[in-house]
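For reference, the structure discussed in these notes is given below.
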């Protein structure tokens, strides 16, 4: 999994019928502090995330191992909202502080 | 999933028999504005996309989770045509404007 | 899928028994004109390709979705020989011309 | 698999229910000496690893081939704690020495 | 698949029980001549390879398509020992010569 920050949303009306009802979030990979760092991609949301939150996302076939995404053509899913990242004994990111 | 713009097509007549009837689109990864940004690859089309459109594509085993691509040797599928990308509260891309 | 040109072959006699009979081609990713561009890798051949041809290959679990490669430890398969690549309304590559 | 050093932990309370009970470790890819080298990512822990240890992790669908992670949306798992790395006839890393 | 040279070994005693008995080889991607070129990673050995040999390895779910690795958390497997690489009509690597 990678850390990422939710930075936006993507709307698609003409799409694979099985993706109906999924929310597609624009996310950007981030480092332990939540600072932008890496690729921008689109992930299905399985946990009710919102713009600005730091999340964990899983890629590949793992992205279909949720009730929402099972059997659907999605290759990335947000599967956790991050509360805290600890690195080298320090809390680098805390959800309450960072927003 | 990644955002990409459809930039062309690929024709192959000698190919795996199970890929018969699939349309192979040449796509280029793009950023939230639809501007070129990243790799150029080939994806099967599951939604009737056309050259110039910004689309969402899925990679890996996810690319076989559509009726068209099930059980076929394809590793990328266009599974949505993008209407709007919102980033930081602004609509960065709107289908009608951008073409 | 990616475009690639077949640039050579790889011979292995001590190998997984299930890969017996597969042809392993050395391929190099290429752009829409067939010009070298990207990684060199090894793919199983499912379509009778030859050195010099521009091909489409699929990676990951997709590489096992052919009769030849089903259930075998291969992660890349040549699944089409390219006749034409059209980009921006122009034929960038035509099989007859390019060889 | 890649070598990585465990550098921290990630806490998430709002997450996919099936990930309940998994420990998410922040890991950084490392070279044969255990020196930092490459991406920082998050892996589920299947072997009771601790911060500071050099580990082996597996990605993709392999990450679900443990009792702990089976059927869960995780794409990276720590599946071994490294005791020794030998390169070119020399022990480049030994667990006891390096900590 | 990619070409790689076996450059070392990795020892792990505390590990996923299902990986018991597998040999973990440190491999470095190489070019058609066998020269180092690319990432260093760890692969399970399915063919009895040794340090110094040039091999073919498969990644992802393909790595579980051998009797040794079936159902185990490994994402890379050495599935062939390379005898010869031919590129542009020339033998760039021959097993006997190169060692």
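Throughout, read-outs are computed from the coordinates displayed, never taken from laboratory work. Note that the coordinates shown come from a computational prediction; the quantities given were computed from them, not determined experimentally. All Cβ positions, even for glycine, are placed from backbone atoms using ideal geometry, and neighbour counts span all protein chains on display.
Side notes on the structure shown:
- Between segment C:1-68 and segment E:20-99, the C-alpha centres lie 16 angstrom from each other.
- Residue D:97-residue A:39 pseudo-label distance in nm [points 7 Å out on the Cα-to-Cβ vector]: 3.7 nm
- Nearest-first distances (nm) between copies at residue A:90, label 7 Å from Cα via Cβ: 3.3, 3.3, 5.3, 5.3
- Across the identical copies, how the residue A:38 labels are spaced - nm, sorted shortest first, 7 Å along Cα→Cβ: 1.3, 1.3, 2.1, 2.1
- Sorted by Cβ neighbour density within 10 Å, fewest at the top, the residues B:45, E:97: E:97, B:45
- Test item: C:37-44 mean partner chain Cβ contacts at 10 Å: 4
- Taking the fewest neighbouring Cβ atoms within 10 Å as the starting point, the ordered list for D:95, C:15 is D:95, C:15.
- Taking label points 7 Å from Cα along the Cα-to-Cβ direction, residue E:13 and residue C:23 give a separation of 5.0 nm.
- Relative intensity, log₁₀ I(q)/I(0), of the protein assembly as shown from a Debye sum that treats every alpha carbon as a point, q = 0.07, 0.10 Å⁻¹: -0.37, -0.77
- Estimated purely from DSSP H runs of n ≥ 4, each contributing -39500 (n - 2.57), the mean residue ellipticity at 222 nm for the protein assembly as shown is -500 deg cm²/dmol once divided by its residues.
- Counting other Cβ atoms within 10 Å as a rough exposure proxy, the listed residues D:22, C:3 run D:22, C:3 from fewest neighbours to most.
- Label-point distances for residue A:17 to the equivalent site in the other copies, using a point 7 angstrom along Cα→C-beta, read 2.8, 2.8, 4.6, 4.6 nm when ranked shortest first.
- For chain B, modelled as a GNM whose springs connect Cα atoms under 10 angstrom apart, the maximal fluctuation among B:48, B:21, B:31 occurs at B:21.
- Length-normalised contact order of chain A in % [C-alpha pairs under 8 Å, at least 6 apart]: 27 percent
- Relative counts (whole %) of C-alpha pair distances in segment C:2-98, using bins that are 10 Å wide: 17, 47, 27, 7, 1
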